[in-house]
């Protein structure tokens, strides 16, 4: 485990063309890391995430991505992701290949990846046209009952980036609250970078809590507020109004670009990003 | 969820010929429930457990079982289970069919059972004669890579019996500490009976703790000390000296039978069982 | 009697279909409002599961997203997402799944993926999410969707989630273990599957709605059940409970987020 | 120099093979003593995993079972058993696995299942437990086993866990991803696999042990490595640390268990 700045961590672990998962299911979304990937101008990324939301909309809109593995791409409770839509519907700023699944399928694929199995299986994709649309949805025959069970290839990102409440100085990472498939996505990856709200001497004792042990973590970066506008349970709440505002900000390419230039490209780091929003509000 | 006495719960949920898992990996072993099964004279059970230990030795020695699905059958840190050995080596008191696996295989089978998949898979059973000894160890071909991966049939016991630290009055069950594959074994079963150290109005709040929600629990029985001589983290420790003494108690059939008659058949319930040991010590 | 809107009646109608103790896999929006309305009125023991992994949650305000902190704070427990889908939904432990969609067809099949061809859609929708497996494994599903000829269509552009497939028992051959759509709750009333054909037919109207209105809103020739009923309008308790819930929600969501210093 | 026993030297020899920061999948008995001795001497940052799901445990006394409460109390975290096997061991995240057995053959294959035929054994042993997958997936394994011609046998009664199978690279074709046995630590010294044949050969003797003694204890014609070494006897620190650990353990295990009233 290395203790790095977020800039250093992204520079070292997220390279052009890489398969990258910034996981987070509504909670603990690594927004700061996504912004840093945009600032560093990464290209041709294969983005992976069950629920690509605003930060993926931003990365796609800024031309970082060539491919997206996902299961639900919207602004939760609000509507569409306009930059994602424009990439898919019109190939702008770049065409985006889709590897489309269901939540249950993605979950099985991450679990398989974490276990280093070549595929995951589920009773899934039943009666859906996704099977015809995606050649990476297949099936296996049960060697005991003869039933056919859906199969998806394991997901093993080159790097998974997570956000968590805290790490200790050794690099043990503890998260709590809604955890989605983050732990599985983290364990499935070749490298694991974690941004955290705080770094402490000793994690709070919690026998069966969710911990990523230091020897599976590649780098920890201290990044308070790093999930904003998503949230970090026990630290700050979800900025639901920002999610609602994003619809207008992102609706047309020009306004989107101006916003990104002002708040992301025009800021040096996440602290400045947060400060720039205070000014804008 | 029903709140029952242990006697009622066993009478209702554990029937002759049933497939029964009393899970517990060293910790939270449902000893009291096993004794009650012996008292009620159940026969022809298909016993399932990763680590059949003293309580399975007792059930097998008392003639309750016809078949055992397992992965390690010993007295941990001490040696053999003499009653299990006599059943396998000499068919006494009854022959015992074995369905033998590895820990990783049993774990995959329980997980598959909990997910209602027909089989579990693992990179396992590599280079072992178990594959030849057990026709229920097979393989599947990955539909993406062509690799062959070991497969085991899902385990779905008719009833799983667990022991836990506490339940609330609604029947939500919370356990902590070493949990083995108990949760998966519980969720894989058609019925789930849980003995608990205490019943409380409200479980301690713990967002990501291990809870079996009330609507997956068939019955809860209040049974303090119900894991003794195993232990319940935070309640009482493991009686390692009893495990050591068991070697002598169980070594020959006559001594075993006398001990069982005095302490199990000769007591009405777990409270009396514990009291009888106090007298014997 | 309090005045009420069709949106409110949709929520009330859905809430009434739920029973005390039933285990619901809840989606965001109308289903979340309906489930919590049921919990706050006739079904206090309802078990609400959100796909984010919160089990037995009792939110005081409605979440905007499927994973708001309120859901975790008030849950019996929070489990990782793979477990919710494998050990609870796929295992057949969910009584009722709620689904929305952009399009529904006469057999209750749903599209939430694309309008137009998949490879070059005119409108790219958010996609499947948890829906296909909810549709397959919940013991029954309730679909909530406002009706227009663009949403109630003769043929889906893309079948994301299975209803009764081609009807006439074809679902039973598909591997789907749940019972399929038991009701489609829309803004004029409720459609339910006919016994043999499994085609959706109009079985209940909201007070004030008509079969003509329903036929005009549905893009296929809508069958009307022989024993159709008219639903009682929302009671005062239903309306006031729902409005209070929405008011609490608006109030809570209007607080600015304060980051830790 | 303190007097020492062969048992102590086995533990010390195994402990010396471990390095600071290595991730060990620990078995009960001698391996547990060896790993904790390493932790208390030269490898304070060693990560100990017990198959019961305790990760990064730092017990003050040795557990009798693989799942004593002490292991959970002192762990960084405790995870369900399926995760330990799938996400840590099978995923290739374990540096060293320790194995014991009733029998070992010249290629480091192990039997812990039966003596005699499987269907009618003369001795039924406890069985496989975690061993076959530890043997397959740990980056390397250390086997600890006292030597007699009945335990170091020319042919196993049953192959429970794969070592180098038939040697000569046959393991590499098997699907086992870990490196296999790096050392067999026994009560006269250490056997290690020869480079090409992968047959175990005597590569180190304890102080005071002889190659003749070793040959007599092994049930096949034992090869002796050309560059064999003699191991330094246990240091005072090693002996005193190990004895203190055992004394603490005896003391702790002698307390009667008190059930809650």
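We did not get these values from a lab; they are worked out from the coordinates using the rules stated. Bear in mind the structure is a predicted one, so any value in this text is a computation, not a measurement. Note: ideal-geometry Cβ built from the backbone for every residue, glycine included; neighbour counts use all protein chains shown.
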Of the candidates A:54, A:162, A:98, which one comes out as most mobile in a Gaussian network treatment of chain A with C-alpha springs shorter than 10 Å? A:98
Theoretical gain in end-to-end length, residue B:202 to residue B:278 [0.36 nm per residue, Cα-Cα removed]: 24.1 nm
Limiting things to C-alpha atoms, what are the Rg and the maximum Cα-Cα separation (Dmax) for chain B, in angstroms? 18.5, 64
Taking R0 as 60 Å and r as the Cβ-Cβ distance between residue B:43 and residue C:5, the FRET efficiency 1/(1 + (r/R0)^6), rounded to the nearest 0.05, comes to 0.40
Distance (nanometres) between label positions extended 7 Å along Cα→Cβ at residue A:11 and residue B:254: 8.2 nm
Once every DSSP H run of n ≥ 4 in chain D is given -39500 (n - 2.57) and the sum is divided by its residues, what mean residue ellipticity at 222 nm do you get, rounded to the nearest 500 deg cm²/dmol? -6500 deg cm²/dmol
If I take all pairs of Cα atoms in the stretch B:103-153, what percentage of them are more than 15 Å from each other? 44 percent
Percent of C-alpha pairs per 10 Å bin, the protein assembly as shown, short to long: 2, 10, 19, 22, 20, 14, 8, 4, 1, 0, 0
So the label point sits 7 Å from Cα along the Cα-to-Cβ vector; using that for residue A:272, what distances do you get to the other copies, in nanometres, sorted shortest first? 7.9
Overall Cα dimensions of the stretch B:125-266 - principal axes, largest extent first, Å: 54, 48, 25
Over the stretch A:133-220, what is the relative contact order in percent, taking alpha-carbon pairs closer than 8 angstrom and at least six residues apart? 31 percent
Taking the label point as lying 7 angstrom from Cα along the Cα-to-Cβ axis, what are the distances from residue B:144 to the corresponding position in the remaining copies, in ascending order and in nanometres? 2.4
Project the alpha carbons of the stretch B:9-118 onto their principal axes and report the range along each, largest first, in whole Å. 35, 34, 25
Look at the axis of the rotation that sends chain B onto chain A, then give the chain B residue with the nearest Cβ and the distance in whole Å. B:140, 3
Can you give the Rg and Dmax of chain D based on its C-alpha atoms, in angstrom? 18.2, 65
Expressed as a rounded percentage, what relative contact order does the stretch A:196-281 have, with Cα pairs under 8 Å and six or more residues apart? 20 percent
Full-stretch length increase - residue C:230, residue C:42 - with 0.36 nm per residue and alpha-carbon distance subtracted: 65.6 nm
Give the calculated FRET efficiency between residue C:196 and residue C:146 to the nearest 0.05, with a Förster radius of 35 Å applied to their Cβ-Cβ distance. 0.80
When each copy gets a label point 7 Å from Cα toward the beta-carbon at residue C:255, what are the spacings between them in nm, shortest first? 4.4
Once both labels are modelled 7 Å past Cα along the beta-carbon direction, what's the residue B:136-residue A:247 spacing in nm? 5.5 nm
Förster radius 35 Å - calculated FRET efficiency between residue C:120 and residue A:265, Cβ distance, rounded to 0.05: 0.65
With only alpha-carbon atoms counted, please give the Rg and Dmax of the stretch A:143-183, in Å. 17.1, 51
